[in-house]
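Here, each number is a calculation from the coordinates, and none is a lab measurement. From a predicted model like this one, the values you see are computed outputs, not experimental measurements. Neighbour counts run over all protein chains shown; Cβ positions are idealised from the backbone, glycine included.
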Amino acid sequence: MKRLLSIFLGFVALLSCQRNSSALSSEDALEKSRAYANIQEYEMATDYALMAIKSAGGDGQRSLCLSHLAALDLMTWRDVQAWEHALEAEKLARRTGVDSLIAEALLQKGRVCAYAGVTEEETRDDEALGYFQEALKYARVAASVRQEVESLYNLSQVYVNKNRFNKIIDPVLYKAAGDYLDQGVELASSEGLSDLVGKSLIYKMRYFRQAGRTEEGIACCKEILSSLRDTDFLQLSQVYNQLVMLYALENNADESAAAHQQYVYAMEHYMQQKADSRLQEMESAYKASVQESRARLFRTLAIMLLLLALILVAGILQSVRFNRQMKVQNIQLTEANRAKEQLLHLVSQDLTSPAFNKELTDSIRSMQGLSEEEVRKRCQDLLKEDSDLAAEVAHYIVSVRQEREKTASGFGLTSREMEILRYSSEGLSAAEIAEKLFISVHTVNNHKQNIYSKMDVRSNVEMLAKARSVGIL
């Protein structure tokens, strides 16, 4: 049973492992979160980011997930949470000593400082510059080109931000913004990072628009539009929104209105695209839920079937054990019955047919008044059997003798009257009994009359019949 129980528990553990293995790993959950973030499904992206943090295996993976979560918080206006997550990401990254993780955490801290403030009093541009410059340093040590380009782009945007509340553009700040942006584009181009080269155009639009360089800004927008697909509705809406403002700066109402119409068209299709994507995700989640329900049902049925099989096996083993015990008991009972039958056969030969073995009859009769131990010894000498059988015969004889004496005493019969009763049962006449007992026939007949009176009978036949019925003979 213990072995069967161990097998059952092992099977349950195996099913549990298979069920747990179906859960997303931290890396897979983080990848899904990034995919949702790219289509601005920030709530779903946040859910997967939290899942990635929960299943993260170490400080490094956890730091990476927290940095990503901080970026999502910033996109959904959760500035306080973004700052806390970025701080925790930096703490874990510095504990690991991995430069690229430290750079990523510093980038998120800088972005919170650069983009969280709305009013001039809330700005933390100088603090953001410090974090981005430190992130640039760690990115270069880690030889992470992407993080280096991202740091340069963000430094450019901080200098653009420092001019946003100035009535007159500060040329020093504006030049610094342009220099960092050019360095980022040059590095991305030299490394063949086309996606980052394209991303720089988004920063350039704002950079050109701030200084009133509308022609360059419009050219930049058109360059972006030429590189986008017709289905990139989110990016299209952002570019057309910039064109609306650039054409407005040129007082070109017609082009501004046309750009606005394209912006509305792109936004409508983006929202439809987003809804379709959400519907597809819901369908996928439903299918996954159905599959998981089926798998859970299968596991439950498997466990129940295994449990029933174990109960059946245990019942069979218990039945086999019980049958074995009953077989042993039957053998023992058969042997006991055989010994008892042998004993009863030997004793009954003496009781029912005294002439069968005169020596045995005389010997048993001679045992009157002897103790059970003396009777056992005589039985052993007479039967020539083992001591156990002799003991059982002796015990039976003594028991019968005691029972008969008890019954005889109830009638008030004397020992001499019992002797005459037994000889009469053997079919001896009064003369033969007198000869055996060395008394006269008259004395034998007197004893018989006393027996008749005590047993309330009227003849020798009635006397013997009653004696046998009450167990005296």
- region 271-286 versus region 50-115: alpha-carbon centroid distance in Å: 28 Å
- Residue-span extension gain [residue 272 to residue 77] - 0.36 nm each, minus C-alpha spacing: 67.8 nm
- Note on the structure: Simple SL model, points at 7 angstrom along Cα→Cβ for residue 172 and residue 219; separation in nm is 2.9 nm
- Task: State, to one decimal in nm, how far the label point of residue 291 lies from the label point of residue 141, with both points 7 Å from Cα in the Cβ direction.
- Result: 4.4 nm
- Task: Could you list 269, 447, 442 in order of exposure, starting from the residue whose Cβ has the fewest other Cβ atoms within 10 Å?
- Result: 442, 269, 447
- Query: Expressed in nm to one decimal, what extension gain is obtained for the pair residue 186 and residue 436 from 0.36 nm per residue of sequence separation less their Cα-Cα distance?
  - Reply: 75.2 nm
